[in-house]
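Participant: Take a look at this one; I'll ask things after.
The values are calculated or read from the model by the stated rules, or taken from the named source; none is laboratory data. Given the structure is predicted, the values throughout are model-derived calculations rather than measurements. In this analysis, Cβ positions are derived from the backbone assuming ideal geometry, glycine residues included, and neighbour counts consider all displayed protein chains. Heavy atoms of the whole protein, side chains included, go into the accessibility calculation; ligands, DNA and RNA do not. Shrake-Rupley method; radii C 1.70, N 1.55, O 1.52, S 1.80 Å.
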Amino acid sequence: MQPQSHQQYWLGLHLVPNFGIVRISQLLAHFESAEALWREPDASLMRLNLPGALLRRFCEARRSIELEREMEAVARAGASLVTLDDEAYPSLLRQLSDRPLLLYIRGQLQSEADKCLAVVGTRKASKYGWDIANQLASQLASQGITIVSGLAQGIDAAAHRGALQARGRTIALVGTGIDSIYPRQNTDLAEEIEANGAIVSEMPLGTMPLAKNFPQRNRLISGMSLGVLVAEAPARSGALNTVSHALEQGREVFAVPHNVFNLSGRGCNQLIQDGAKLVADVDDILDELDLTHIKAQTRIKTERLQPANDAEDAILEQLSADPIHIDVIVRQTQLPTATVTSTLTMLELKGLAESAGPMQYCRAPDSGR
């Protein structure tokens, strides 16, 4: 990583209003470094073979930016910078035509961050959507894949928590300044992510959660990842905006199938119709991304928990992600009520089943079935 004395010039370039990678690259092409560009006198810059209006706007903006004060603000926010000149800059992100000049980081980016999968979806997640996002993220993270999402409520939070539960790494791309956590309800989650991965933003400090910022953020979620998994999304969803970016960037797109009567999953079913890879379990992702060395390890993990007798097997066959009443299990298995009750308790202890309300049970997310 560059020393701060060099990073401050990249920060200055980043803070020039309305100058993205294209315009800054036009200027940098004439200089050996960001520092050389920043220090070049106005009169010399105005002699470059570039549009005069462009050069005047740059010179005017540069005079109003105090580099030392801006670097101190980054430090007060508990953040660091990774610039386009740093080796730590994610290599997949570097490939984008609209890549950021720099990233604000809380936590740590590591080399394995290039082996990422984005998990996205609706903020109003159903139990099914939450469970599948949490389970898949957990299984992938346990095998060394970094889970990328957007720190939102619902599917994003389920994916981040799944990675953390597996003691894996996760990265949250946010649409605010790195000094602001949005939504507030996820403040504790953000602290866990910072300790076990990174919170990342391209937005200047103090940027508020404006609606226009999130589609811009979404391109980084997909851009940093090998592929994008949509765990649950209605027909209109910000997650589908991330898919659009993924397709433009040449990333793989995955989707979890949903009940056709469930409107919250209609976007996933449409993606599958349009050619997204249907995901029934983690192997579908690992196969498509050609991560077969991870697949074998994942199968060993998911096969550890197995029913111990016929009663457990019969009851487990009745369970799915959707809650089912104990009376229905008794009727379907034709087992005595006492046997069903005691067996469900044992399945809960094994982590194969879980209570979903009074007399209601469902399959545990990590049951492997």
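Participant: In degrees, nearest 10, range 0 to 90: what is the angle between the Cα axis of helix 67-76 and the longest Cα principal axis of the chain?
Facilitator: For 67-76 against the chain, the angle is about 20 degrees.
Participant: Given a Förster distance of 51 Å, report the FRET efficiency between Met46 and Glu248 from their Cβ-Cβ distance, rounded to the nearest 0.05.
Facilitator: Computed FRET efficiency for Met46 and Glu248: 0.90.
Participant: Further question: So which chymotrypsin sites (Phe, Trp or Tyr not before Pro) in the range 4-59 end up in coil per DSSP with only 15 or fewer other C-beta atoms within 10 Å?
Facilitator: Phe31
Participant: Given a 1.4 angstrom probe, I'd like the percentage of the accessible area of the chain that is carbon and sulfur, rounded to a whole number.
Facilitator: Reported share for carbon and sulfur atoms: 48 percent.
Participant: Which trypsin sites (Lys or Arg not before Pro) in the range 175-227 pass both tests, a DSSP loop state and at most 14 other beta-carbon atoms within 10 Å? Walk me through the intermediate numbers first.
Facilitator: Working: sites: Arg184, Lys212, Arg217, Arg219; in loops: Lys212.
Here the sparse-neighbourhood loop sites are Lys212.
Participant: Just one of (i) 37, 25, 19; (ii) 45, 22, 17; (iii) 48, 18, 17 is semi-axes √(5λ) of the Cα gyration tensor in Å as worked out from the coordinates here. Which one is it?
Facilitator: Label of the calculated value: (iii).
Participant: By average Cβ neighbour count within 10 Å, what is the ranking of 177-183, 75-81 from highest down?
Facilitator: 177-183, 75-81
Participant: OK, next. Go through Val279, Thr170, Pro17 and say which Cα lies farthest out towards the positive end of the charge dipole of the chain; charges sit on Cβ, +1 for Lys and Arg, -1 for Asp and Glu.
Facilitator: Final value for the positive-end residue is Pro17.
Participant: Taking only pairs that are 8 or more places apart or on different chains, how many Lys pairs in the chain have Cα atoms under 27 angstrom apart?
Facilitator: Total qualifying Lys-Lys pairs in the chain comes to 13.
Participant: For the chain, what is the relative contact order in percent, using Cα pairs closer than 8 Å and at least 6 residues apart in sequence? Don't skip to the answer; put the middle values down first.
Facilitator: Numbers: 671 pairs, mean separation 44.6, N = 369.
Relative contact order of the chain: 12 percent.
Participant: With every protein chain left in place, what is the accessible area per residue of the chain in square angstrom, probe 1.4 Å?
Facilitator: Accessible surface, normalised per residue, equals 46 Å².
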